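Let me begin by presenting the structure, written as structure tokens, before commenting on it.
The values are calculated or read from the model by the stated rules, or taken from the named source; none is laboratory data. The shown structure was predicted, so the numbers you read here are calculated from the model rather than taken from an experiment. No Cβ is skipped: glycine too gets one built from the backbone with ideal geometry, and neighbour counts run over all protein chains shown. Each accessible area value is taken on the protein alone, full model and side chains, heavy atoms only, with ligands, DNA and RNA left out. Shrake-Rupley method; radii C 1.70, N 1.55, O 1.52, S 1.80 Å.
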Amino acid sequence: MKKYLLLFAFSALALSSCEDDDVEGFELDMLKGQWKEIKEEVISGKDNKTVLNTVVPTGCNAKSTTEFRIDYYTAYTAVTGIGTNCTSSTTEGTYTYDAEKKILVIKLKNDNERAFKVDILSNSEMRLMEMFDSIDYNGDQVIDFVYRSYKR
């Protein structure tokens, strides 16, 4: 009986200590593909809730995309212009992703590394908080946050 109890205890310990070792792979799979930014929000640093400003891309800018692949390749395609006269240019780069800390770091060619906190990530929605160039937008002496929301 003691042998079975001991076996059960070790089995329970082994099962409870196992984590999903492929969380990063699962999240990279959700991240892959092309994303369109649907809005940029500046959120108050005091309560991390109050929206201070919202910018929704329109016209040609609304066609800009960010692409991620599971081989850590990324590309940003900026679409600019007026009316139906849109032009695009693509900048390639790489990224890293820490699934445990939910930190995405993007390094496009000829640019600095830019770190983001992944707030939401699903197959159809992504929300990133910028972790660089943070400033106090509303003058209350507290750093405010810029969130970027994306859809597929």
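Brief remarks follow.
- Straightening the chain between THR96 and ASN48 buys 14.7 nm, computed as 0.36 nm per residue apart minus the Cα-Cα spacing.
- Computed label-point distance, nm, for sites SER124 and ARG152 using a 7 Å Cα→Cβ extension: 1.0
- Inter-label distance, THR58 to TYR72: 4.1 nm, where each label sits 7 Å from its Cα along the C-beta direction.
- Semi-axis lengths, Å, the stretch 74-116, gyration tensor of Cα atoms, sqrt of 5 times eigenvalues: 28, 11, 7
- Accessible carbon and sulfur surface of the stretch 80-152 relative to its total accessible area, %, 1.4 Å: 48
- Averaging the Cα positions of each part gives two centres, and for the stretch 103-152 and the stretch 20-88 these lie 10 Å apart.
- Solvent-free Debye scattering, log10 I(q)/I(0), computed from the Cα coordinates of the stretch 110-152 at q = 0.21, 0.27, 0.34 Å⁻¹: -0.75, -0.93, -1.10
- Principal-axis tilt of helix 2-17 within the chain, Cα atoms, nearest 10 degrees: 10
- Based on Cα contacts under 8 Å between residues 6+ apart, the stretch 102-152 shows a relative contact order of 28 percent.
- Computed from label points 7 Å out along Cα-Cβ, the spacing between LYS117 and ILE103 is 1.2 nm.
- Calculated P(r) tail over 20 Å for the stretch 79-147, as whole % of Cα pairs: 50
- Computed extension gain for ILE135 through THR80, at 0.36 nm per residue and net of the alpha carbon distance, reaches 17.1 nm.
- Counting Lys and Arg as +1 and Asp and Glu as -1 over every other residue whose Cβ lies under 9 Å from the Cβ of TYR73, the net charge comes to -2.
- Computed over the chain, the quotient of the alpha carbon radius of gyration and 2.2 N^0.38 Å is 1.40.
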